[in-house]
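Chemist: Please read through the structure below; I'll follow up with questions.
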2 protein chains.
Amino acid sequence: MAIPQAVKLVEVGPRDGLQNESAPVSTADKVNLIRDLVDAGVSYIEAGSFVNPRSVPQMADSDQVFAGLKSNPGLNLPSLTLAALTPNLKGFERAMQAGVTEVAVFASASEGFSAKNINCTIAESLARFQPLMQAALDQGVAVRGYISCVVGCPYDGEVTPQQVDLVSRALFDMGCYEVSLGDTIGVGTAGHFKRLLDYLLLHTSADKLAVHCHDTYGQALANICTSLEYGIATVDASVAGLGGCPYALNATGNVASEDVVYMLEGMGISTGIDLDRLIGVGQSISDLLGKPTNSNVGRARSTS
Amino acid sequence: MAIPQAVKLVEVGPRDGLQNESAPVSTADKVNLIRDLVDAGVSYIEAGSFVNPRSVPQMADSDQVFAGLKSNPGLNLPSLTLAALTPNLKGFERAMQAGVTEVAVFASASEGFSAKNINCTIAESLARFQPLMQAALDQGVAVRGYISCVVGCPYDGEVTPQQVDLVSRALFDMGCYEVSLGDTIGVGTAGHFKRLLDYLLLHTSADKLAVHCHDTYGQALANICTSLEYGIATVDASVAGLGGCPYALNATGNVASEDVVYMLEGMGISTGIDLDRLIGVGQSISDLLGKPTNSNVGRARSTS
């Protein structure tokens, strides 16, 4: 399998990242962050989520964020996707009212995480997506699928490739155009990703899969590197490593976009992203949050 | 090329690590650290260096460290190598008096680093090794070679595989049994290591090469993972990521041994090392130094 010549970076910092940061970020600052990411060349950004605002207060202003983005003439680029997470039909309808053009749904490969995180079984979560998927199909809205805990679960322990495959196939059968494989607690190694992709690629082509690696155990780039060798050409990442890790004290969560882009550049793989500007965006949002960046590249390049 | 089934971890924390830590560590604590590493299953440790004590005061007690190690009955294992860095014949003779059984020499792939770090040209540094190599040959002492700045240099910028190859071949010609490729400032990516190994392996077999990756840009594990695919089966690492990075503020230096062993375990590659015990050693030395560990795995597993 040839390593891809270009990779699409899916920037999840404004949603998956900020959702897990304790410091509040204003609507205007979220819009600025997203605009800065676009200015750095990022072409796919998960910009918000339409979940219950009581469950996730950090995302309660997603409709205003999208309103702010829509009113910004610099963000009306045909090559730009600004997506939102939608857990159910109600969330999907709110997203449509806010002018969102692409959405994502979120399932778990482990029952334990599904129960604790979204309070239902995996089967129930998939059933909940059905009316949403139908509405999206009717309205021509593309839906991305996330699977969490594709290697390990904080409650159930090890997760097998077979478990991931079942959920992945269900999401594709429902109409997801792509499934992002999330190592939510970052326990996976290159060996785990090889075994996972060896299995999934029996049924699925690499161009329909993305990887979403957390750097909790420092393994994210090695796992992404391994996934590239399987032809995976879509990589989720979070600027400045925004998001932390709720399952391991003091540890990092989402792999930093800067670190991914640095690696891809060194491998001669294009992303369309200006690394220096991306590092600047990571520094700005870290300063705003009043915390050091979780990007190794950001730290190495920092002069302060 | 098949990925190796077993990897030899060369633990450089007690030398390369502590040499770059500002906090002083007593001779007894150094001996304890090395004993704890051996207890965790580490079979090759760089335990000290016989350089000018005025240049590197942290290593001024290396003869006492080796005396302490020799008097410890638990460390007289036939499978254990306790090595020392020796810059010249004088250092080699001091090492022999201290009972060292294996030594290492250190050259740079870049003229700028050679000038600043060891105050001579690359050719002069190689010439300086000649009497040392002859003495080692006469006494049947194995010599390992290090090359620093194999990808980039803090003074000269980019370093080509051709430059590394010239120094590597000189070290082999002199009698080094192995050459460790050091990405001293951690700027290399998987792409750089591919290009480097593609070139070096035209002339050298993989079993004579080791990789010595720094995690400054977060790339170390991806680079090691890539090197494994070239058949490299010897990996340098530093427990708790001891050593920091003198060339980038706030950045990490040596890749942490815990992170390497965690990855290798996940890939089904044996090291003979007990990861839980190694994590404990990393925590203990970090506590002693009064600083947080630089191991991602150590942080993720930490409960405090």
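Readers should treat all values here as calculations from the given coordinates under stated rules, not as data from a laboratory. Computed from a predicted model, the values in this text were never measured in an experiment. Counting neighbours? That spans all protein chains shown, and the Cβs are built from the backbone with ideal geometry, glycine included.
Chemist: Once the label point is placed 7 Å from Cα along Cβ, list for A:Ala127 the distances to the corresponding points in the other copies, in nm, shortest first.
Modeler: 8.3
Chemist: A further question on this structure: Step through the residues of region B:218-233 one at a time and calculate ³J(HN,Hα) from phi using the Karplus curve (6.51 cos²θ - 1.76 cosθ + 1.60, θ = phi - 60°), rounding each to whole Hz and writing x for Gly and Pro.
Modeler: x, 9, 4, 5, 4, 5, 5, 4, 5, 5, 4, 5, 8, x, 5, 10
Chemist: Using only the Cα atoms of the protein assembly as shown, build the gyration tensor, take square roots of its eigenvalues as a ≥ b ≥ c, and label the shape rounded, prolate or oblate: rounded if a/c is under 1.5, else prolate if a/b is larger than b/c, else oblate.
Modeler: On the way: a/c = 2.17, a/b = 2.05, b/c = 1.06.
Taking the square roots of the gyration eigenvalues as a ≥ b ≥ c, the protein assembly as shown is prolate.
Chemist: I've got another one for you. If I model a spin label at B:Asp138 and A:Ser22 as a point 7 Å from the Cα along the Cα→Cβ vector, what separation in nanometres do I get?
Modeler: It works out to 6.5 nm between the two label points.
Chemist: If you add up the charges near A:Ala83, with Lys and Arg at +1 and Asp and Glu at -1, over every other residue whose beta carbon is less than 9 angstrom from its beta carbon, what do you get? Please list the in-between numbers first.
Modeler: Numbers: positive: A:Arg15, A:Arg144; negative: A:Glu46, A:Glu102.
Combined, the nearby Lys, Arg, Asp and Glu give 0.
Chemist: Check the cysteines of chain B one by one and keep only those with no other cysteine Cβ under 4.7 Å from their own.
Modeler: Cysteines lacking a close Cβ partner in chain B: B:Cys120, B:Cys176, B:Cys213, B:Cys225, B:Cys245.
Chemist: In region A:38-84, if every C-alpha pair distance is counted and binned at 5 Å from zero, what percent goes to each bin?
Modeler: So the P(r) values, bin by bin, are 5, 21, 27, 23, 13, 8, 3.
Chemist: For region A:194-216, list residues with backbone N below 12 Å from a point placed 7 Å from the Cα of A:Arg169 toward its Cβ?
Modeler: A:200-204
Chemist: To make sure I understand the rule: partners must be lysines, Cα under 26 Å from the Cα of B:Lys194, and not fewer than 8 residues away in the same chain. Which ones qualify?
Modeler: Hits, sequence-local ones excluded: A:Lys8, A:Lys194, B:Lys8, B:Lys208.
Chemist: Identify all lysines with a Cα-Cα distance to B:Lys90 below 24 Å; exclude those on the same chain that are fewer than 8 residues away in sequence.
Modeler: Filter leaves B:Lys30, B:Lys70, B:Lys116.
Chemist: Of all DSSP beta bridges in the protein assembly as shown, what percent run antiparallel (nearest 5)?
Modeler: In the protein assembly as shown, DSSP labels about 10 percent of beta bridges as antiparallel.
Chemist: Find how many whole Å separate the alpha carbon centroid of region A:218-280 from the alpha carbon centroid of region A:157-190.
Modeler: 19 Å
Chemist: Mind checking the dipole of the protein assembly as shown: about its Cα centre, +1 per Lys or Arg Cβ, -1 per Asp or Glu Cβ, Debye to the nearest 20? Please list the in-between numbers first.
Modeler: Numbers: 38 positive and 62 negative charges, 87 e Å.
Here the size comes out at about 420 debye.
Chemist: Follow-up. Given a Förster distance of 51 Å, report the FRET efficiency between B:Gln130 and A:Arg277 from their Cβ-Cβ distance, rounded to the nearest 0.05. The partial results should precede the final answer.
Modeler: Details: r = 50 Å, r/R0 = 0.98.
E between B:Gln130 and A:Arg277, to the nearest 0.05, is 0.55.
Chemist: Compute the distance in nm between two label points, each set 7 Å from the Cα along the Cα-to-Cβ direction, one at A:Tyr177 and one at A:Asn76.
Modeler: Reported label-point gap for A:Tyr177 and A:Asn76 is 2.2 nm.
Chemist: Compute, for region A:8-303, the length of the dipole vector about the Cα centre, with Cβ point charges of +1 (Lys, Arg) and -1 (Asp, Glu) only. Units Debye, rounded to 20. Mind showing how you got there, number by number?
Modeler: Numbers: 19 positive and 31 negative charges, 70 e Å.
Dipole about the Cα centre, nearest 20: 340 debye.
Chemist: For a Förster distance of 35 Å, can you work out the FRET efficiency between the beta-carbons of B:Asp198 and B:Thr121, rounded to the nearest 0.05?
Modeler: On the way: r = 27 Å, r/R0 = 0.78.
Computed FRET efficiency for B:Asp198 and B:Thr121 comes out at 0.80.
Chemist: For B:Gly112, place a label point 7 Å from Cα along the Cα-to-Cβ direction in every copy; what are the distances to the other copies, in nm, shortest first?
Modeler: In ascending order, 5.0 nm.
Chemist: Also, I was wondering about something else. Can you give the average number of partner chain beta-carbon atoms within 10 Å of each beta-carbon in peptide B:219-229, as a whole number?
Modeler: On the way: counts 10, 4, 11, 14, 5, 2, 10, 6, 0, 2, 4.
Neighbouring Cβ atoms belonging to other protein chains average 6 per residue here.
Chemist: If you take every residue apart from A:Gly282 with its C-beta less than 13 Å away from the C-beta of A:Gly282, what net charge results, scoring Lys and Arg +1 and Asp and Glu -1?
Modeler: On the way: positive: A:Arg277, A:Lys291, A:Arg299, A:Arg301; negative: A:Glu11, A:Asp36, A:Glu258, A:Asp259, A:Asp274, A:Asp276, A:Asp287.
Within the 13 Å Cβ shell, the charges total -3.
Chemist: Count the net charge of all other residues whose Cβ sits under 13 Å from the Cβ of B:Thr160, scoring Lys and Arg as +1 and Asp and Glu as -1. Don't skip to the answer; put the middle values down first.
Modeler: On the way: positive: B:Arg195; negative: B:Glu111, B:Asp156, B:Glu158, B:Asp165, B:Asp198.
After counting each charged neighbour, the total is -4.
Chemist: What's the average, rounded to a whole number, of partner chain beta-carbon atoms within 10 Å of each residue's beta-carbon in B:264-272?
Modeler: Details: counts 3, 2, 14, 9, 4, 3, 0, 0, 0.
Partner-chain Cβ atoms within 10 Å, mean over residues of B:264-272: 4.
Chemist: When you take every Cα atom in chain B, what is the radius of gyration, and what is Dmax, the widest Cα pair distance, in Å?
Modeler: Both quantities, over Cα of chain B: 17.6, 52 Å.
Chemist: Something else about it: Which of the chymotrypsin sites (Phe, Trp or Tyr not before Pro) across region A:15-93 are loop residues per DSSP, with 13 or fewer other Cβ within 10 Å? Intermediate results must be reported in sequence, preceding the final value.
Modeler: Numbers: sites: A:Tyr44, A:Phe50, A:Phe66, A:Phe92; in loops: A:Phe50.
Sparse-neighbourhood loop chymotrypsin sites (Phe, Trp or Tyr not before Pro): none present.
Chemist: What is the residue of chain B with the smallest Cβ distance to the axis taking B onto A, and what is that distance in whole Å?
Modeler: B:Ala222, 2
Chemist: Mind checking the full-extension length gain between B:Thr160 and B:Ser55? Use 0.36 nm per residue of separation minus the Cα-Cα distance, one decimal, nm. Mind showing how you got there, number by number?
Modeler: On the way: separation 105, 0.36 × 105 = 37.80 nm, distance 2.93 nm.
Full extension of this stretch gives 34.9 nm more.
Chemist: From the helices alone, meaning DSSP H stretches of at least four residues, give me the mean residue ellipticity at 222 nm for the protein assembly as shown, per-run term -39500 (n - 2.57), in deg cm²/dmol to the nearest 500.
Modeler: Details: 22 runs with 246 residues, N = 608.
Taken over the protein assembly as shown, the calculation gives -12500 deg cm²/dmol.
Chemist: Using a label position 7 Å from Cα in the Cα→Cβ direction, what is the ascending list of nm distances from A:Ser284 to the same site in the other copies?
Modeler: 4.8
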